[in-house]
Amino acid sequence: GDYYLRTGLFKESLEYYEKAISVSQKEELKGVRPLSYYRQAEVYRRIGDLKGERRSMQLMIDAAYEEDNTTLVGRGYERLGYGYLGDTTTSERRNFRMADSLVRKGLSVSEKINDSSLIALSLTHLGWNFYLEKMYDSSIYYYEKSIKYSAHAKLYETSANSLGNLGTIYSDLREPEKAI
């Protein structure tokens, strides 16, 4: 499935992930099913099938719950919530309430298992979600909170993203000193 995804043969990729799901169910292999659904969601995202992407992410979450894999449950909610953020307020993907609800579920799961990476990433998603709605105070709050987690865990990419977005917010607010 991964090979066909990388080479752009999406139909074949989906078929092989489906085979992996079937074999893992039959042989009771842990972890394969949720990850295969996750990869299927990536295929659907690449081909622009929003319904397929979201359906596969939900199947990932369900499979992770069945296998009692808390890490993948948290990751599933984070990714599914991310799928509702969109790049703009008019994006086809955009649904503020769904993004907020799902990302918060992922955040809650991540906090229970103390997964700093997933916590920081979820907080950046919340920051972005509020930024798109021009709810700058909430956006700043989540980006600053994300920096605390990401900097402590040496997740520099996440810290840099949050810092850059804070700069953009302060620029939007016409506060150049804070933006810098």
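The values are calculated or read from the model by the stated rules, or taken from the named source; none is laboratory data. Note that the structure is predicted; figures quoted are calculated from it, not measured. We place every Cβ from the backbone using ideal geometry, glycine too, and count neighbours over all the protein chains shown. In case anyone asks, the SASA skips ligands and DNA or RNA and just uses the protein heavy atoms, side chains included. Shrake-Rupley method; radii C 1.70, N 1.55, O 1.52, S 1.80 Å.
A viscosity of 0.692 mPa s and a temperature of 37 °C, combined with the Kirkwood radius over Cα pairs in Stokes-Einstein, give a translational diffusion coefficient for the stretch 90-180 of 247 µm²/s. Element breakdown for the chain at a 1.4 angstrom probe: carbon and sulfur atoms account for 50% of the accessible area.
When the alpha carbon gyration tensor of the stretch 43-110 is reduced to an equivalent ellipsoid, the three semi-axes, largest first, read 21, 15, 7 Å. Probing with 1.4 Å while keeping every protein chain in the model, the per residue accessible area of the stretch 63-180 equals 54 Å². Dividing the summed -39500 (n - 2.57) terms of all DSSP H runs of n ≥ 4 by the residue count of the chain sets its mean residue ellipticity at 222 nm at -25500 deg cm²/dmol. Of the cross-linked pairs LYS105/LYS178; LYS11/LYS51; LYS51/LYS112, those separated by over 23 Å at the C-alpha level are LYS105/LYS178; LYS51/LYS112.
Sparse packing (at most 14 other Cβ atoms within 10 Å of the Cβ) combined with a DSSP loop state is found for the following GluC sites (Glu not before Pro) in the stretch 103-148: GLU133.
Each residue of the stretch 14-21 is assigned a 3J(HN,Hα), and the resulting list reads 4, 4, 6, 5, 5, 5, 4, 4 Hz, derived from the Karplus form 6.51 cos²θ - 1.76 cosθ + 1.60 (θ = phi - 60°), x at Gly and Pro. If you run the Gaussian network model on the chain, springs between alpha carbon atoms under 10 Å, then out of ALA153, ALA99, ALA63 the most flexible one is ALA153. Restricting the trypsin sites (Lys or Arg not before Pro) of the stretch 11-80 to loop positions (DSSP other than H, G, I, E, B) with no more than 14 neighbouring Cβ atoms within 10 Å leaves LYS30.
Taking LEU132, LEU14, LEU29 in turn, the Gaussian network model of the chain (Cα-Cα springs below 10 Å) assigns the largest fluctuation to LEU29. The ASP2 and TYR156 beta-carbon pair, evaluated with R₀ = 25 Å, returns a calculated FRET efficiency of approximately 0.40. Check each of the trypsin sites (Lys or Arg not before Pro) in the stretch 138-173 and keep only those in coil by DSSP with at most 12 other C-beta atoms within 10 angstrom; list them in order. Those satisfying the criteria are LYS154.
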